[in-house]
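What follows is calculated from the coordinates using simple rules that are stated; it is not laboratory data. Everything quoted here is computed from the prediction, not taken from an experiment. Cβ coordinates were reconstructed from backbone atoms using ideal geometry, including for glycine residues, and neighbour counts include every protein chain displayed.
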């Protein structure tokens, strides 16, 4: 027996068989409050991460400790189940589950990178894709997951899935799809750096290459200029700050090193298509 809280309802639903999970309109996520204890597989993809408590993840014959922030992209056919650690209080365990159809996964992978076959990288990886989320990344995804506006839910769902895939690709240099390891490491370091005002030259210095070579190779393999990627990571981080209602738009702009509030708003709107205030009203 296990309990889930669905996307668009506060009701808790108890299931005794995992097969009862259905993909509804290609858009379904649930907050699992406790877990079952039987191996199972899915015909769809399941992305999940631990929000609170501790557990053991039994995955394809492995027994893996599960801590807050640990995340997995389970492929159709992966055999698993999660067991709460005895030390976790009865109401102290929760994980976010996101269910994705084959077609939806293929479309989102193509959207993220139309030149490299990310879907095949995930599908054919020797090991089930796994990575770790920082606290602010958990908060950002949870904000999108609890968005209950019917018209906006599918968009939030797609952003949430795309963000999880992107975080895995940044986390695991072996998922590079042909990119040099140092470029993958550079991208991961930038994404996970909490100081979003860290100068570009400091990152370049860590690679051991000259400025021109780093910028040229980064653009060649990622399709983005290095400063564009840094800005993308900074704006993504700002969504977690927007979810905290005690931060004003001006405070966020100052914290992230923008010259003024208007500059931040312009960059955010150019990247996401809406203003920070509109994002906060929709997703907050």
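Segment residue 102..residue 189, full-extension length gain: 28.3 nm, with 0.36 nm per residue of separation and the alpha-carbon distance subtracted. The simple spin-label model puts a point 7 Å past each Cα toward its Cβ; for residue 272 and residue 250 those points are separated by 2.0 nm.
Note: relative contact order over the stretch 180-283, using C-alpha pairs below 8 Å and six or more positions apart, is 20 percent. Scaled against the 2.2 N^0.38 Å expected of a compact globular protein of N residues, the Cα radius of gyration of the stretch 180-283 reads 1.15. Each residue of the stretch 33-143 gets 109 Å³ once the volume of the Cα convex hull is shared out per residue. By its C-alpha gyration tensor, with a ≥ b ≥ c as the square roots of the eigenvalues, how is the stretch 37-82 shaped: rounded for a/c under 1.5, else prolate for a/b larger than b/c, else oblate? In terms of gyration-tensor shape, oblate.
Among 205-214, 62-71, how do they line up by average Cβ neighbours within 10 Å per residue, starting with the highest?
62-71, 205-214
Peptides 261-270, 135-144, ordered by how many other C-beta atoms sit within 10 Å of their residues on average, highest first, read 135-144, 261-270. Subtracting the Cα-Cα distance of residue 182 and residue 227 from 0.36 nm times their residue separation leaves 14.5 nm of extension gain. Under the rule a/c < 1.5 gives rounded, and otherwise a/b versus b/c splits prolate from oblate, where does the stretch 235-284 land using the Cα gyration tensor? Oblate.
Peptides 107-115, 92-100, ordered by how many other C-beta atoms sit within 10 Å of their residues on average, highest first, read 92-100, 107-115.
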